[in-house]
1. Calculate the spin-label point distance for Ala24 paired with Ala131, positioning each point 7 Å from the Cα along the beta-carbon direction, and give it in nanometres.
2. Lys155: which aspartates and glutamates have alpha carbons under 15 Å from its alpha carbon, excluding same-chain residues fewer than 8 sequence positions away?
3. Rounded to the nearest 5, what % of the DSSP beta bridges within the chain are antiparallel ones?
4. State the Cα centre-to-centre distance between segment 1-75 and segment 144-218 in whole Å.
5. By how many degrees, 0 to 90 and rounded to 10, does the Cα axis of helix 153-162 deviate from the longest principal axis of the chain?
6. Run through segment 179-243 and list the trypsin sites (Lys or Arg not before Pro) located in a DSSP loop whose Cβ has at most 12 other Cβ atoms within 10 Å.
7. Report, as a whole number in µm² per second, the diffusion coefficient that Stokes-Einstein gives for the chain at 20 °C and 1.002 mPa s using the Kirkwood radius over alpha carbon pairs.
8. Using Cα atoms only, what is the angle between the long axis of helix 69-79 and the major principal axis of the chain, expressed in degrees (0 to 90) to the nearest 10?
Amino acid sequence: MAADLVRRNVAVLVSTGGAPSVIAAKAATATIPIVFTIGTDPIRLGFVTSLSRPGGNVTGVNLFATQMESKRLGLLRALIPGVQLIAVLLNPNQPNYAFQLRDIQEPAAAIGLQIHILLASKESEFDAAFATAVQLRAGAMLVSSDPFFNSQRDKIIALAARYSIPAIYEWREFALAGGLMSYGTNISDGYRQAGVYAGRILKGEKPADLPVVQSTRFELIINLKTAKALGIEVPPNLSAEADEIIE
C-alpha cells in the first residue's frame, strides 16, 4: 500500500497505527515526507536521529503507549494490593517487542512483582493466552500496548470478562467498551496533531525541521460497572486519581 501511494506521487504519507506502518513508509520512499503516530520512542527504532530536529523525511507524534507499561503495572497493584502474579499479554511480532519486554520486566523486578509473559500475534491465540492466565492463577492482566491488540479490542475485553480477569489497557477506548481500566495518552489528540503536521508540510515546511511531538496528557479511566462485575472494590485513592469514572 505504501509503494502504491509513492507511485501516485502523493505529497505526504501519514503513517498511523504504530511502527509497522512507519517501517513500510520508510522502505517505500526516502524523499516524500512521512508523518507518524507511534507509541514508542522513535529514536530507538531508528525513525529519527533527534526529537528536536528529526532530520531526513520523517517526523510525527510519540503517544508514549509502550513507555507507560510500568505505570500500568503499578496501577494494577494499587487496584488489587494483594496480587501475587500478573499475566502480561504481548505480541512478539511487534518491531519494538524486545524494548517492550524489557520495559515491563525491569520495573516488575524492581518492585518484587511476579509476572508471566503470554504471547499472541493472531486472533486464534487469545483464548489460549487467557486460559493459561487462569491456570497460572494470575490475579490480573496487563494487555500491553499494541496496534493489533487495539484492533481486537472487543474480543480481548470479552475474554477478560469470560475468564473474570481484571485487566488494564492502553487507550481509554478499551475502558469505554467495557474494559476494567486504562491508562495512557489521548489518542485523538495524537491523531489531530499528526493532521496538523501534515497540513504544515503541505504548506511548505520540511519534516526535518518539525520536532517530534511528545504527548503530555495522560488519563486514567476506570470502569466501575466492570469492577463491580468482577467483585473488585476500587480504593478511594485510586478513584480520586482517575480522570474519568464510568458507572
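1. The answer from the label model is 3.2 nm.
2. The qualifying aspartates and glutamates are Glu123, Glu125, Asp127, Asp146, Glu173.
3. Around 15 percent antiparallel, to the nearest 5.
4. So the separation of the two Cα centres works out to 14 Å.
5. Approximately 10 degrees, to the nearest 10.
6. Passing sites in segment 179-243 are Lys203, Arg217.
7. The estimated diffusion coefficient comes to 114 µm²/s.
8. Taking the Cα atoms of the chain, the angle to 69-79 is about 20 degrees.
Values in this text are rule-based calculations from the coordinates and carry no lab data. Model, not experiment: these values are computed from the prediction. A quick note on method: Cβ atoms are made from the backbone with ideal geometry, for glycine too, and the neighbour counts reach across all protein chains shown.
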